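Nothing in this text is a laboratory measurement; each read-out follows from the coordinates by a stated rule. Bear in mind the structure is a predicted one, so any value in this text is a computation, not a measurement. In this analysis, Cβ positions are derived from the backbone assuming ideal geometry, glycine residues included, and neighbour counts consider all displayed protein chains.
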Amino acid sequence: METESIDFLNQLSNNRLRKEIDNICGSYSNSWDVLAELCQNSVDAIRLFVKRHGSESKSHTVEITLDCRNRSIIVRDSGIGFNPPSIASLMAPHGTDKSQNDQSIIGEKGVGLTYVIFMSNEFELTSASMEGQFEGTITRAGAWKRGDTDSLPLLSPSSNTGVGVSAGETFTQIRVVGLDDPYGEEEDLFNQPMPVLEYILRTKTAVGSTRTLFDLVEEDVTVTFTLTGHDGKSQSANIKYQYLAPHELLAPNSQVIDFEDFVKKAALMDDRAKTSQLRGKCLRKVSTITRAGRTIRYYSFFVPSRTTWAEMSSRNQLTRVNPETKESENIIQGGIEVGTRGMPTCVQLTPPSTGASGYWPNLFLLIEDDSLPFDLGRKFIPSRTQGLLKEIAKDIFNDFIPFTKFLTTDPAVTNSLSTLQNYEKSQEFQKINLLPDLKVRGLHYVKHPDSQEAAVVAIFNQLTAQNYLKGYYGLKTGHKMTYDLWANFELTRDSVGANHHSIITDGEQLPVVIEFKYKAEDLLEDFEKDIKHFSDIDLIVAWDLDVPKFGTRGVDVTVLNEDDAFFHGSNYMLTWPGAYNLGSASQKPLIALRKFVDKISE
């Protein structure tokens, strides 16, 4: 008997697809990420045009419009345009026509458009290429991602033709409306003044080309930006197609000295002459090195005083309100930034351990490595690569140190270890502040967990204390115990789903064992290695889960509605097959806190 092959890779359920989209969107962590992805696509489209038709074939533009009234962004570019038959595949998760080996192109993961689509309520694409023209709309993608509707978002064309345009007429325009706001009022992109938005465009997106620092730009692009505020008033500006380096932000009478030129002259100077030349000045060093077979470029800028950053911030109206302290703080500061393929990535590195480490805050360093690998949302790079870049940073820092005594106007550094520790603490708080807010009234734990199980425990405890999660009363917990929490679950009509009311005795205390994980799928290995015993656990609590990883073990994941949930807040049921070596087929309820918190958020 012949059997038909099963296409298992394309059998994505609505729930699994939503989870994949959720994971993609969750991999981003900055309020400007949608803007950055749109700008990156535009720059890539222009670079592809230049690669195909040459740099002299037409003048290139990127036009950016941000409207605070309807939380919309429009980005229009003069690039190569979309080929209509390929649009569906390019807009799907991980869809891309960009080669990972082409270092002239920035994008490679194929998730940028997916992220943009599902962070908005309306997505409009208009494009003209030499292969054809297209115009279409996607609505309520963000609502589907949040589970507000089960209707899959579709791309609805209003125009689709195979009639192309000339090379001089190609363009793409993307408009997104009703963008999500997961970052809080102070960090919300639509609450920023014009100077801050210009700074974001030139330091966080691809229109702030880092190649300009190294005289490597092949494409000439005119960038315009229009901002319409909440009051309906508009203002426009021309944005330089180049990274906003610190030397541009100095007062007109400030002096910047080229490091290499000074070193050549310094050999003939005594200390008094060096002091006369350097005191209160800024040092800049731009160079290229080769490490591990990779060409790495860097721009470094050393200021005479840490107050220089505050002066630059104040002078250029680049301050912001700290969402925690509600106090004004400077946007411009020292640090180690990472770039790749002409684009700032917003990835920051912690300074390595060095002598005279108290001077690290005086140094701004941008390291550009075109071969950098990233995670989906470009939040971090692998530790091995970080080690290489930190070694480079250390060498650059040490080049400046012999001249600090002639240059700096700050008091002598007497406790460099403490200074470095404070600097590292400040950097860590900056990263923490980028995490999305929970936005649940009454909770004193205010941020999404950053891969930490302890944070999941803390959020669960606060949700129970505020009675968002009902019926849970902890009895004993501890790191030496096999399981995380021994508790009582009080059976009431408020804590147990309606479909179980007939089998409970109101007020009865049910002993339960609860296991916590940051990622629910991490429990699979505990079961397989016999670290945890399946039958002992009554309830799993995790921040999130990866449905496909359960599927690879034959574990079925189904969504629970409130009426079917025995344990309050449980929103998934995990069903293990008998072949999993757990005895007969068994089920375990799961509270995915991310989904629960999204539902009760303000």
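Footprinting exposure proxy ranking of LYS264, LYS204, fewest other C-beta atoms within 10 angstrom first, gives LYS264, LYS204. What is the angle, in °, between the Cα long axis of helix 453-465 and the longest principal axis of the Cα atoms in the chain? Nearest 10 is fine, range 0 to 90. The two axes meet at around 60 degrees. Given segment 453-600 reduced to its alpha-carbon atoms as identical point scatterers, what log10 I(q)/I(0) does the Debye formula return at q = 0.10, 0.18, 0.19, 0.20 Å⁻¹? The Debye formula, applied to the Cα set alone, gives -0.32, -1.12, -1.25, -1.38. Relative to one another, the C-alpha centroids of segment 240-284 and segment 121-189 are positioned 47 Å apart. The structure-derived value of Rg and Dmax of the Cα atoms in Å appears in the list (i) 27.4, 95; (ii) 32.9, 114; (iii) 31.0, 108 under the label (i). Computed extension length for LYS447-ASN467: 5.3 nm, one decimal, from 0.36 nm per residue of separation with the Cα-Cα distance subtracted.
Computed from Cα atoms, the angle from the helix 194-204 axis to the main principal axis of the chain rounds to 80 degrees. Take the Cα of ASN160, step 7 Å toward its Cβ, do the same at ASP395, and the gap between the two points is 5.3 nm. Peptides 359-369, 270-280 ordered by packing proxy, namely the average of other Cβ atoms within 10 Å per residue, highest first: 359-369, 270-280. Each of GLU327, GLU311 has some number of other Cβ atoms within 10 Å of its Cβ, and from fewest to most they run GLU327, GLU311.
Spin-label pair LEU475-LEU435: with each label point 7 Å from Cα along the Cα-Cβ axis, the two points sit 3.1 nm from one another. The residues LYS285, LYS145, when put in order of fewest to most other Cβ atoms within 10 Å, stand as LYS285, LYS145. Relative to the dominant Cα principal axis of the chain, helix 416-433 is inclined by about 50°.
Taken along the Cα-to-beta-carbon direction at a fixed 7 Å, the label points for LEU152 and THR409 span 6.4 nm. Taken about its Cα centre, segment 453-600 carries a charge dipole of roughly 220 debye when the Cβ of each Lys and Arg holds +1 and the Cβ of each Asp and Glu holds -1.
Summing +1 for each Lys or Arg and -1 for each Asp or Glu among the other residues whose beta-carbon sits under 11 angstrom from that of VAL512 gives -4. Electrostatic bookkeeping for PHE49 treats Lys and Arg as +1 and Asp and Glu as -1; over the other residues with beta carbon under 11 Å from its beta carbon, the sum is +1.
Adding -39500 (n - 2.57) for every DSSP H run of four residues or longer, then dividing by how many residues the chain holds, sets the calculated 222 nm ellipticity at -8000 deg cm²/dmol.
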